[in-house]
């Protein structure tokens, strides 16, 4: 899938427009194309976490994570073909734990705003997207006071550069000065796991099949990712090192 913005995983994500029942369902309810139904993550310390995904057609409805950790469930809401809200829940009882609200303009993400977490009174973060003439995307960060609702720019930006539709560079910018620059290489010609999930190509979720990460001007050695693919050229397994180059996680995909 071509990344435009978060994270499975990870994922960056108005007043929310209400969705009709049809907004979360396609006409047939049938899934078209391959979509992941389970991802098992095994960490270098021996911990195992399993994410299971449910869909309505090609729209993702929910991700459940066991054993329940900080985030135990994510719920997705669509307006048309766009993901407009990602709600996060914590623990075995799925207590509300924030998330993101997305707005769109001309079919592209315009803003991504935090959902308040119960008991947290600090500022919320809002990102505003600009689609530049040179093909880059810039996000500008602002803070929203939960009490006064006043929005204040904080001078922080990120600039995303794409080559043939794939993310190849990010730059952090503070006060107009470029700071950390990160370069990426990608496995071209293969199919990202969430390629057929509607809306993911608009959320700047981590969708590329990333082969390496290099931090410019840093002593950090970067990361190298290793993939195994199934017969349809979707990843069946990926070894994901941490930011210091040592293996930290192995993910196995079921479709």
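The values are calculated or read from the model by the stated rules, or taken from the named source; none is laboratory data. Please read these numbers as outputs of a predicted model, since none were measured by experiment. Every residue, glycine among them, receives a Cβ derived from its backbone with ideal geometry; neighbour counts consider all protein chains shown.
Here are some notes:
- When 64, 2 are checked against the criterion of being surrounded by fewer than 19 Cβ atoms within 10 Å (Cβ to Cβ), modelled with pLDDT of 95 or more and on the phi < 0 side of the Ramachandran plot, a single residue qualifies: 64.
- A count restricted to region 168-197 and to residues that are within 27 Å of residue 124 (Cα to Cα) and either at pLDDT 95 or above or in contact with a strand residue (DSSP E or B) (Cβ under 6 Å, 6 or more places away or on another chain) (or both) stands at 12.
- Residue 110 crowded, with 17+ Cβ neighbours inside 10 Å, out of contact with any helix residue (DSSP H, G or I) (no Cβ under 8 Å at 6 or more places or on another chain) and either in a strand (DSSP E or B) or on the phi < 0 side of the Ramachandran plot (or both): no
- Of the residues examined, residue 207 is not one that is at pLDDT 85 or above, within 17 Å of residue 168 (Cβ to Cβ) and in a loop (DSSP other than H, G, I, E, B).
- Out of 212, 172, one residue alone is surrounded by fewer than 18 Cβ atoms within 10 Å (Cβ to Cβ), within 20 Å of the chain's Cα centre (by Cα) and within 30 Å of residue 103 (Cα to Cα). It is 172.
- Among residues of region 113-126, those that are modelled with pLDDT of 95 or more and either under 21 Å from residue 165 (Cβ atoms) or not in a strand (DSSP E or B) (or both), counted: 1
- Wholly within region 26-97, strands (runs of 3 or more DSSP E) carrying at least 2 residues that are under 26 Å from residue 237 (Cα atoms) and more than 18 Å from the chain's Cα centre (by Cα): 38-43, 48-56
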